[in-house]
Amino acid sequence: MPTNIALDAIRTRRGLKWGLPAMLLAAPYLLGVYYCVTVIEDGGPGWLNLVVLLFCWNALKFLVIGPISVILIVRIRIREAFAGRGALRQREALKSAESATAGTVEGRNHGGKDLALTTRLTGH
């Protein structure tokens, strides 16, 4: 159904921001319910009861997605904030480890060739 396609799009990371505005889509469904119930009470066909049920179900789906999308987006943003802090700590640890490493030590080996050794932690 088209409502399920819309709800699937809202449940994505990019679509979560549309959860609260999507609640407004329940209004046309509720208006359709009102119209169909009025027609049924005035002697309309009985199969309109199924349409009323379908409209009510779709309206409820759109009404429920609003609060759910808010909860999901808050949960995702909290996770992203913690991940960002972890990445910042890793970068700071990497910088401090790089500053602790020494440069190069040059010397001669037994064959008379220049020897360049990179030392990491000892600085020798």
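The values are calculated or read from the model by the stated rules, or taken from the named source; none is laboratory data. Quantities reported herein were computed from a predicted structural model and do not represent experimental measurements. Heads up, the Cβs are rebuilt from the backbone with ideal geometry, glycines too, and the neighbour counts pull from every protein chain shown. Just the protein is used for accessible areas: all its heavy atoms, side chains included, with ligands, DNA and RNA removed. Shrake-Rupley method; radii C 1.70, N 1.55, O 1.52, S 1.80 Å.
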Can you name the condition, by its number, that ALA27 falls short on among (1) open to solvent by 50 Å² or more (accessible area, probe 1.4 Å); (2) aliphatic (A, V, I, L, M); (3) over 30 Å from ARG77 (Cα atoms)? (3)
Hey, can you tell me all the residues within segment 30-60 that are in contact with a helix residue (DSSP H, G or I) (Cβ under 8 Å, 6 or more places away or on another chain) and open to solvent by 90 Å² or more (accessible area, probe 1.4 Å)? LEU60
Scanning segment 49-66 for residues that are touching a residue at least 24 places away in the same chain (Cβ under 8 Å) and not small (Gly, Ala, Ser), the one nearest to LEU16 (Cα to Cα) turns out to be ILE65
Could you please let me know if ARG77 is among the basic types (Lys, Arg), open to solvent by 50 Å² or more (accessible area, probe 1.4 Å), in contact (Cβ under 8 Å) with a residue 12 or more places away in the chain and out of contact with any Leu (no Cβ under 7 Å at 6 or more places or on another chain)? no
Can you go through LEU72, LEU54 and tell me which one is outside any loop (DSSP other than H, G, I, E, B) and modelled with pLDDT of 95 or more? LEU54
Within segment 1-20, restricting attention to residues that are in a helix (DSSP H, G or I) and open to solvent by 60 Å² or more (accessible area, probe 1.4 Å), which residue is farthest from GLY66 (Cα to Cα)? PRO2
One residue is enough: does segment 61-68 have a residue meeting the conditions open to solvent by less than 60 Å² (accessible area, probe 1.4 Å) and not in a helix (DSSP H, G or I)? no
